[in-house]
1. Would you mind putting 11-18, 59-66 in packing order, based on average other-beta-carbon counts within 10 Å, highest first?
2. Which net charge results for the neighbourhood of Arg109, defined as the other residues with beta-carbon distances under 9 angstrom from its beta-carbon, given Lys and Arg at +1 and Asp and Glu at -1?
3. Dipole size in debye (nearest 20) for the chain around its Cα centre, Lys and Arg Cβ +1, Asp and Glu Cβ -1?
4. Can you tally the lysine pairs in the chain where the Cα-Cα distance is under 20 Å and the two residues are eight or more apart, or on different chains?
5. Could you check the simple spin-label distance between Gln33 and Leu114, using points 7 Å along Cα→Cβ, in nm with one decimal?
Amino acid sequence: MAVRRSGKMKELAAKVESGAREGMILAGDLIAQRAAQKAHVVTGRLKRSISRGNPVRTAQGMTIAVGTNVSYAEIEEFRPGEKHGTPHSFLRPAISESKQDAIRLIAKRILAKLVRL
C-alpha cells in the first residue's frame, strides 16, 4: 500500500511515536519494578525510591530514565562483592534482564497503534 499524501505520513509518524511512548513507559515501569525487587534492603528507602521518568525524544530516538535519587544508590550499585559479601547491583541486572521484554512491549504498542489506522 503506497501512502501518497504527506498528511497520511504525518498521521503514521504520530501513531508510531505515540505507540513508542506508551511502550517506553511500560518498559520503564518493568525495569523499575525489577530493579526494586533486586535492591538490597536495610530500611527499604532505596527500594521505594526506584522509579521511571517520562519518555524524551532525542536526536538518537527516544529514551526514558529509570533510577533513584537516593544518595547512596551508586555505592550500592557498584559495591564489589569481595569485602562486603555479595554485590548489591540492582539497576544494571534489571536492565540486562529486561531488554528483550522491553523491545516486545514497545513493538506491541506501536503495532497496536498502527492496526487502528
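No value in this document is a laboratory result; all are computed from the given coordinates. These figures come from a predicted structure and were not determined experimentally. Neighbour counts run over all protein chains shown; Cβ positions are idealised from the backbone, glycine included.
1. Descending packing order for the listed peptides: 11-18, 59-66.
2. Charge balance in the 9 Å sphere: +2.
3. 660 debye
4. 8
5. Inter-label distance under the simple model: 2.6 nm.
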